[in-house]
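The values are calculated or read from the model by the stated rules, or taken from the named source; none is laboratory data. Given the structure is predicted, the values throughout are model-derived calculations rather than measurements. Don't worry about glycine lacking a Cβ; one is built from the backbone with ideal geometry, like all the others, and counts go over all protein chains shown.
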Amino acid sequence: MSAKPLTIVIFGATGDLFQRKLAGALFDLHQKKLLPERTEIVGFSRKPFSHDQFHAFIQNALAARANGKIIEPEEFVGKALYHQGDLNSAESYASLGNFLAERDRLHGTCSDKLFYLAVPPNLYETVFTRLSESGLAIPCAPGLPNEAQAWTRVLVEKPFGNNEKEASRLDRMLGRLFQEEQIFRIDHYLAKEAMQNIISFRFSNGLFEQLWHKQHIERVEIKFHGKEDVSTRGSFYDGVGALRDVGQNHLLQMLALIAMENPKELKAERIRKERAKVLGKVTVNQKSIVRGQYAGYREEKGVASDSTTETYFTLEANVQNTRWRGTPFILESGKALQENEVSISIFFKPTPCLCPEGHKRAHQNVLTFSLSPKEEISVLFWAKRPGFDFQLEPKRLSFSFSEDALLRQVPNAYERVLLDAVRGDQTLFASTEEVKRQWQIITPILERWQKLPLHSYLKGSAGPQN
Ligand code: BG6
């Protein structure tokens with residue numbers, strides 16, 4: 001691990017994301033000794049916290065996650081500092097700049113700096129502008145040793161912008177401030193082990209790769225079902241909705257991994273290029289779109305009482321190239337549904353089976369990549385039922401990733417995101433081109449969004465029944 005110091009600045013550190021995901025991921029990286037020895041985590045938020053109060057906040061977040069298990073967070077928590085500031089105010093950034101310069105002087109060297117925007121997307125523009133104006137995009141004040149080697153990188157959460165136009169404006173702005181190598185657009189689903197395994201699985205198993213074609217694949221279903229309602233995230237969610245929250249990013253990235261061509265090399269730029277290429281071929285069957293909202297959503301904290309934000313959508317996408325033309329990709333996502341299930345199922349075309357008269361219905365093989373709640377790859381196939389009759393029954397061949405992952409201490413998605421950003425590896429982040437193409441797919445839907453009926457569905461149900 002690098003001997004250079006590292007400063008991770010979290011904008012919006014007292015928010016939900018840091019509390020639920022980032023504090024724990026940073027703690028795990030620290031425990032595994034994967035962060036530089038001299039790492040500091042600087043929380044930047046409006047709440048008037050002292051350093052000690054910030055420490056207590058982190059400890060609570062870690063304790064909640066540990067669920068009764070004993071952890072010893074003291075050493076880790078000692079690496080955290082807090083700097084109060086208003087994300088809108090130029091003075092706050094100037095004062096953050098002075099604070100970071102002071103820390104660098106104290107270390108006697110220029111630290112690498114990672115800025116993590118754990119803030120609502122409507123604040124990105126302000127934060128980028130202020131970052132630039134205050135000189136924070138430059139690693140440190142001139143004169144410190146190591147100045148030339150130090151880097152600054154910025155990590156941005158999704159959704160990046162609200163539509164295609166806004167995303168391009170943000171991109172132009174980011175482009176003036178940072179090089180593409182410095183920008184890490186997070187789609188934490190890309191960082192999930194089970195998602196990465198899709199590429200390995202597809203391109204290393206000839207058994208399936210030979211069949212990976214519209215001639216053999218009837219349809220692909222991508223499900224992103226959650227049991228949870230919007231919980232404490234009402235005010236964020238109400239301005240975003242299901243399509244922007246997970247459709248524009250996680251679901252389209254899943255589609256890209258299934259539909260992309262072989263990148264030939266395991267290099268970030270090649271993989272990102274292939275993902276972007278296939279995303280450029282995606283069209284949406286506008287007639288297939290259904291949007292819904294669960295009953296009771298408007299009473300959630302932070303949600304407008306007349307909100308028309310969708311908490312559910314389904315749509316049929318098509319990939320307009322030789323490999324896929326005519327094979328539908330059905331995307332579906334919702335909150336407060338009856339099950340927690342994130343999965344991709346590939347339905348192979350049925351073959352006429354060798355079965356007795358009266359049982360001649362077609363038998364279909366289904367390959368499923370399950371991402372949540374368990375991480376598993378399974379194949380549904382048909383075998384003879386033991387006995388005198390020649391009857392077939394469905395069977396599953398499965399490989400459960402979670403057990404394997406546990407044994408091998410596989411990092412969780414946010415650990416991976418943070419570590420790859422520190423290491424400068426962009427493979428698991430969406431490129432400018434990919435984000436642009438994702439918005440090109442979603443924006444025409446959003447333009448008609450309010451004109452589509454908003455179906456109500458019951459909490460704990462399978463979604464709108466129509
Ligand atoms: C986030 C969305 O990106 O992903 C949430 O904002 C969603 O709405 C979450 O619930 C699901 O992620 P995970 O890792 O918990 O499956």
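Quick look at the numbers
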{"quantity": "Complete set of residues in the range 37-66 that are part of a loop (DSSP other than H, G, I, E, B) and of a type in the set (S, T, N, Q)", "calculated": "Ser50"}
{"quantity": "The lone exception for Glu261 - which of (1) buried (at least 20 other Cβ atoms within 10 Å of the Cβ); (2) within 22 Å of the chain's Cα centre (by Cα) it fails", "calculated": "(1)"}
{"quantity": "Selected residue (criterion: farthest from Gly234 (Cα to Cα)) from residues of the range 298-314 that are of a type outside the set (D, E, K, R) and surrounded by fewer than 24 Cβ atoms within 10 Å (Cβ to Cβ)", "calculated": "Thr314"}
{"quantity": "Set Ala150, Ala167: member being outside any helix (DSSP H, G or I) and small (Gly, Ala, Ser)", "calculated": "Ala150"}
{"quantity": "Matching option when the condition is part of a helix (DSSP H, G or I) and under 25 Å from the mean Cα position of the chain (by Cα), among Leu34, Leu106, Leu96, Leu123", "calculated": "Leu123"}
{"quantity": "Val290 being within 24 Å of Ala462 (Cα to Cα), more than 20 Å from the chain's Cα centre (by Cα) and either within 16 Å of the ligand (Cβ to nearest atom) or aliphatic (A, V, I, L, M) (or both)", "calculated": "yes"}
{"quantity": "Filter result (more than 21 Å from Phe329 (Cα to Cα) and outside any loop (DSSP other than H, G, I, E, B)) within the range 343-365", "calculated": "none"}
{"quantity": "Residue check, Thr368 assigned to a loop (DSSP other than H, G, I, E, B), among the hydroxyl-bearing types (Ser, Thr, Tyr) and away from the ligand (no atom under 16 Å from the Cβ)", "calculated": "no"}
{"quantity": "Residues located in the range 218-252, provided they are buried (at least 20 other Cβ atoms within 10 Å of the Cβ) and either without any contact (Cβ under 8 Å) to a residue 12 or more places away in the chain or away from the ligand (no atom under 16 Å from the Cβ) (or both)", "calculated": "Val220"}
{"quantity": "Some residue of the range 376-396 being more than 16 Å from the ligand (Cβ to nearest atom), within 19 Å of the chain's Cα centre (by Cα) and either surrounded by fewer than 18 Cβ atoms within 10 Å (Cβ to Cβ) or not small (Gly, Ala, Ser) (or both)", "calculated": "no"}
{"quantity": "Sole exception among (1) surrounded by fewer than 22 Cβ atoms within 10 Å (Cβ to Cβ); (2) farther than 19 Å from Gln215 by Cα for Ala336, by number", "calculated": "(1)"}
{"quantity": "Some residue of the range 95-103 being touching a helix residue (DSSP H, G or I) at 6+ places or on another chain (Cβ under 7 Å), at pLDDT 95 or above and buried (at least 18 other Cβ atoms within 10 Å of the Cβ)", "calculated": "no"}
{"quantity": "Test: residue in the range 176-193 that is in contact with a Ser or Thr (Cβ under 7 Å, 6 or more places away or on another chain) and modelled with pLDDT under 90", "calculated": "yes"}
